[in-house]
Each structure stands twice: as C-alpha cells, then as structure tokens.
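Here the structure is laid out as structure tokens; the discussion comes afterwards.
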Amino acid sequence: MQQMENKELLVALLPRKTALKRLKTEGWYHIPMENAPKRWSPDVMAFFQGKVFGEEEAYKIRYFGEVERIDVFPRKDLFRTTKRNQFKSERLYYRIQLKDLKMRYQPIISHRPRRIVFLPTTLEKFEKAEQINDLFDGSPLEDRLWSALKYINVAAERQWKIVVQDKDYFLDFAIFCKNGKLAIETDGYTYHYDDRNQIDYDTWRRNDIELDGWRSLHYTTKQVKDDWNRYLPQIQEMIEQLGGVEEPRVFKRKVGEKQGKYIVDGEEPL
C-alpha cells in the first residue's frame, strides 16, 4: 500500500467559480490531455482559487480530494458544444473524479498575486504547507535554501516567472524590496558547467534578468549545503541595500505587465 507521504498531489487552477461549483456538486475536474503536467497521474488533487474569487478568497488553496479514477473523454461529452467552442469539441480531456471534496480549515495562501495553473507536489508537503512557496517540489537544494530564508524571515517567492524580451524565465527565488528586486539562483542538480550550450544559455539568461532590473546572487550546491553562515548574511546585506523587503500587501504589478501570469508546468487548463 502506498505510504501517505509518498502520494502525488497536483494543485490545479480554479479559473472560474463555476469550476468550484462543479467540484462541489459533481466531484470532477478536467484537464486537456496535451496540457497535462509531466508528473502524472495524481493521487490527490488540490485547487488554487484564481483572481475571480475576490479579495478575500483569491490566491488560496482551500479544497482538495483523493482521486477516485481518471477517464478520458472528448470535450463534447463533458460540455455543451457551441459555435464559440466547436473547434475544441473533439479535443481529449482527462476527467478526474474525486472520492470526496474536503476543505482545509486554514487555507494555503499566496502572499502575492500569482497565477498557478499546475503545481505538482506531494501530499506530505501539502499537509505541512502554510503558503504556496512551501509546496514546490522540484529541487532538494531549493528546499534547503527556502528553509534558510524562512528561518531569517525573508519573504521570498519561489519559481517566479518573468518575461524579458518575449522570453520566459523562472527565478529560483524572487525577493521584492522597497528600492528594487533581487533574484537568488542556485545550481541545483542538473547544472552542467562542461556543457558549452548550457554556459551560453545561462550567460544570456543572466544578462536578460539584469536588463529587466533585477539584482542577483548566485550560489553553488556546495555553498547552499555547507556555507549558510556566509550566504545568508550576503542575502541580508543585499536586501538592506535595496531598502528592505517590501510588504506583500503593497505589492502591485504594473498595468499590462506580462509577469503577472505564472505557470509551473503546462498551459491554461480550460
């Protein structure tokens, strides 16, 4: 029998209130097969409430449930076909049926507005999480740095998407300060300095990020694992140079700024 802590959990977007109503009354959610996340299939689903849920409920995860079964249907068998969506009528969808829909008493919150479409993680992380950044499950190295940042009470955002010159980049950590913004990057376990193409990409990427107005700090795997007493003071010093961390409640994006859209894996589910 699969251990509870090893169960795969997928956080998915609730882009409209009707999606939540369907979950409550019929107990199912749908995802286009071609847009499903790479970590598939989930044992448990949880749901991130989008902007349409209003100031009090937006950017939170309240509802979750264990997956009972996953079937495949053309869209025409799930929804009424109209002229507007006729071109999608034959598109294949996963129909994820939940055993029951539960609600967390304390929701998992996002301190800053962001759009999460899919976030693959584990049930163990979900049960312990207080905020969205606790859920990310891509790198043990980033988990270690995240724990260190929380220890010194630095309000960072993990895997923050930015768009520079029509190119999408994901920052390991983004820290928004009163007089600027700071990107913290780690090598992780897939970084290859002996790959010339990777070195070229990383150089262009770093230059683009700096041109977008980001200050940056970069740490190797060894430094994150062994030298916390050196890199944490550096991060704190940089934050002080940038005027201190900006409170999430005053964080606002520029009108029309593309960075407001954030996707972990896959595309729009609906």
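Working note: 222 nm ellipticity from helices only, DSSP H runs with n ≥ 4, each -39,500 (n - 2.57), summed and divided by the residues of the chain, gives -7000 deg cm²/dmol to the nearest 500. In the context of the full protein assembly, residue 185 retains an accessible surface of approximately 20 Å², using a probe radius of 1.4 Å and ignoring ligands and nucleic acids.
Over the range 1-93, the ratio between the Cα radius of gyration and 2.2 N^0.38 Å evaluates to 1.18. Mean separation of Cα pairs under 8 Å and 6 or more residues apart, divided by the residue count, gives the range 33-109 a relative contact order of 34 percent.
Estimated at 0.36 nm per residue, the fully extended path between residue 232 and residue 127 surpasses their Cα-Cα distance by 35.0 nm.
Residues 218, 111, sorted by accessible area with the largest first, give 111, 218 [1.4 Å probe; ligands and nucleic acids excluded]. In order along the range 55-72, the phi-based Karplus estimate (6.51 cos²θ - 1.76 cosθ + 1.60, θ = phi - 60°) of 3J(HN,Hα) comes to 4, 7, 10, 5, 6, 9, 10, 10, 9, 7, x, 6, 6, 8, 6, 10, 10, 10 Hz; Gly and Pro are listed as x.
Please identify which residues in the range 35-51 have an amide N closer than 19 Å to a label point set 7 Å out from the Cα of residue 99, following the Cα→Cβ vector. Correct set: 41-47.
The relative contact order of the chain, computed from alpha carbon pairs under 8 Å that lie at least 6 residues apart in sequence, is 20 percent. The residues of the chain expose, per residue, 56 Å² of accessible area to a 1.4 Å probe.
Annotation: amide H-H contacts under 5 Å for residue 187 (H modelled 1.01 Å from N, sequence separation of 5 or more, or interchain): 219, 221.
Shape annotation for the range 1-52: C-alpha extents along the principal axes are 36, 25, 20 Å, from largest to smallest. Using 0.36 nm per residue and subtracting the Cα-Cα separation, the extra length available between residue 170 and residue 210 on full extension is 13.0 nm. Computed about the Cα centre, the dipole magnitude for the chain is approximately 1500 debye when only Lys and Arg (+1) and Asp and Glu (-1) carry charge, each at its Cβ.
Students sometimes get this wrong: rank 144, 80, 114 by accessible area, probe 1.4 Å, all chains present, largest first.
Details: 144 120, 80 185, 114 5 Å².
Order by accessible area, largest first: 80, 144, 114.
Put 41, 89 in order of accessible area, largest first, 1.4 Å probe: what do you get?
41, 89
Reported value for the chain: 165 Å³ per residue, from the convex hull of its C-alpha atoms.
A Förster radius of 45 Å combined with the Cβ-Cβ distance from residue 71 to residue 198 puts the calculated FRET efficiency at roughly 0.65.
Annotation: average projected area of the range 104-145 is 3.5 square nanometres, based on the convex hull of Cα atoms across all directions.
The values are calculated or read from the model by the stated rules, or taken from the named source; none is laboratory data. Since the model is a prediction, treat every value here as computed from it, not as a measurement. Here the Cβ is made from the backbone with ideal geometry for all residues, glycine too, and neighbour counts use every protein chain on show. Just the protein is used for accessible areas: all its heavy atoms, side chains included, with ligands, DNA and RNA removed. Shrake-Rupley method; radii C 1.70, N 1.55, O 1.52, S 1.80 Å.
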